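Undergrad: Submitted below is the structure of interest, expressed as structure tokens.
The values are calculated or read from the model by the stated rules, or taken from the named source; none is laboratory data. None of the values given here were measured: they were computed from a predicted structure. Cβ atoms come from the backbone with ideal geometry, glycine included; neighbour counts cover every protein chain shown. Accessible surface areas use protein heavy atoms only, side chains included; no ligands, DNA or RNA. Shrake-Rupley method; radii C 1.70, N 1.55, O 1.52, S 1.80 Å.
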Amino acid sequence: MSAVQQDTNVTAPSSTATAEARAAKLMKRRSRIRFFEIIVWIAAIAAYFVLPSKMLILTEIAILALFAVSLDLVLGFAGIVSLGHTAFFGLGAYVAGLMAMHFVAEPVTGLIVAGIVSGVLGLLTSFLILRGSDLTRLMTTLGIGLMMAEVANQMAWLTGGADGLSGFSPGPVLGLFEFDLFGKVGYVYCIAVLFVSTMIMRRIAFSPFGMSLKAIKGNAMRSAMIAVPARKRIVTVYTIAAVFAGVAGALLTQTTSFVSPDVLAFHRSADVLLVLVIGGTGYLYGGIFGAVFFTLIKDWLSVITPQYWMFYIGMLLVILVLIGRERLARWVEYLPERFSKKEDGQ
């Protein structure tokens with residue numbers, strides 16, 4: 001064997017090992033907990049003590065945040081634009097209500113069942129979004145949501161129709177903590193579910209699986225050329241997102257003891273997309289930040305101007321688009337370097 005061949009055989013494994021080490025280091029750096037994430041959860045805990053009279057709106061924020069984070073997993077990482085994510089949200093809401101009424105009143109059990117059923121619907125409908133452009137996917141997912149809303153309206157014997165499903169009451173969480181009139185237990189319950197769900201989705205998003213989704217979003221054809229199974233990845237992430245959307249819907253039912261066709265209305269899909277426009281996509285916490293801003297602004301404007309609050313929400317959205325989120329996010333540059341440095345470590 002010549003000296004050139006020996007050098008080649010030695011260099012190739014060495015280069016591969018170096019590349020693998022660098023990739024592992026990069027993945028570890030990208031997946032580590034950021035300072036702002038710690039602040040988010042500390043603020044959520046502090047709100048319980050600082051704002052005891054605002055438990056209901058804080059619970060609403062937590063539910064909307066989980067719904068938005070589940071959509072971000074599809075939109076921000078896989079690039080799948082959906083106007084029918086509310087179908088999974090609404091299905092989870094109805095399943096949780098039916099579970100509490102006819103089977104098991106314990107909330108966590110209903111939460112799990114609602115997530116599983118919504119995931120099954122996500123799996124069955126995921127194949128409809130594998131073909132076509134973004135416009136085709138928008139219309140397809142919108143159609144799924146509208147059909148689910150009409151099914152809920154027509155099956156009055158099961159869902160209560162336009163009057164909704166009522167007359168049930170969720171039991172104590174894990175058989176220990178009963179829901180109180182002020183919503184304190186409901187808020188803690190929703191925050192706990194939001195935290196666990198976000199950590200699970202975060203682990204998925206910043207794993208090699210999540211990075212492959214980013215590659216598919218950037219260029220599906222090139223991803224296929226390096227043996228990334230785009231179709232399977234999209235089906236998988238769409239199903240996972242449907243599970244967590246169903247969990248969010250179940251939380252709404254369990255904390256309000258009521259569910260109606262409104263949970264399947266088009267405006268919920270529009271609202272959650274607006275939340276992600278405000279908070280940003282591709283890093284999960286945009287759903288949480290957007291939910292906080294959107295809910296508080298909506299609540300404030302609806303008190304000041306009950307008839308025209310949607311006009312001002314639209315105006316804020318236009319301003320956000322004109323100015324650009326990048327400019328609004330420059331406050332990060334004023335943080336200490338160890339808190340503001342980019343995910344790639346540069």
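Undergrad: Give the number of residues within the range 264-318 that are polar (S, T, N, Q), open to solvent by 80 Å² or more (accessible area, probe 1.4 Å) and assigned to a helix (DSSP H, G or I).
TA: Qualifying residue count for the region: 0.
For every residue, the table says whether it meets (1) open to solvent by 20 Å² or more (accessible area, probe 1.4 Å); (2) in a helix (DSSP H, G or I); (3) touching a helix residue (DSSP H, G or I) at 6+ places or on another chain (Cβ under 6 Å); (4) of a type in the set (Gly, Ala, Ser).
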{"site": "Trp41", "(1), (2), (3), (4)": "yes, yes, no, no"}
{"site": "Ala46", "(1), (2), (3), (4)": "yes, yes, no, yes"}
{"site": "Phe49", "(1), (2), (3), (4)": "yes, yes, no, no"}
{"site": "Ser53", "(1), (2), (3), (4)": "yes, yes, no, yes"}
{"site": "Thr59", "(1), (2), (3), (4)": "no, yes, yes, no"}
{"site": "Ala65", "(1), (2), (3), (4)": "no, yes, yes, yes"}
{"site": "Leu71", "(1), (2), (3), (4)": "no, yes, yes, no"}
{"site": "Gly76", "(1), (2), (3), (4)": "no, yes, no, yes"}
{"site": "Val81", "(1), (2), (3), (4)": "yes, no, yes, no"}
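Undergrad: With (1) surrounded by 12 or more Cβ atoms within 10 Å (Cβ to Cβ); (2) out of contact with any helix residue (DSSP H, G or I) (no Cβ under 7 Å at 6 or more places or on another chain); (3) modelled with pLDDT under 85 as the list, and Gly143 as the residue in question, which single condition is left unmet?
TA: (3)
Undergrad: Can I ask one more? So which residues in the range 47-94 are among the polar types (S, T, N, Q) and closer than 19 Å to Leu284 by Cβ?
TA: Initial filter on the range 47-94 (among the polar types (S, T, N, Q)): 53, 59, 70, 82, 86.
Of everything in the range 47-94, those that are among the polar types (S, T, N, Q) and closer than 19 Å to Leu284 by Cβ turn out to be Ser70, Ser82.
Undergrad: Right, another one. Does Ile144 satisfy the condition of being of a type in the set (A, V, I, L, M), in a helix (DSSP H, G or I) and within 20 Å of Leu276 (Cβ to Cβ)?
TA: Yes; evaluated as a whole, the condition is true for this residue.
Undergrad: Further, regarding this structure: From Ser169, Ser126, grab the single residue that is of a type in the set (S, T, N, Q) and closer than 22 Å to Ser82 by Cα. Give the derivation first.
TA: Working: Ser169 fails: closer than 22 Å to Ser82 by Cα.
None of the others qualify; the one that does is Ser126.
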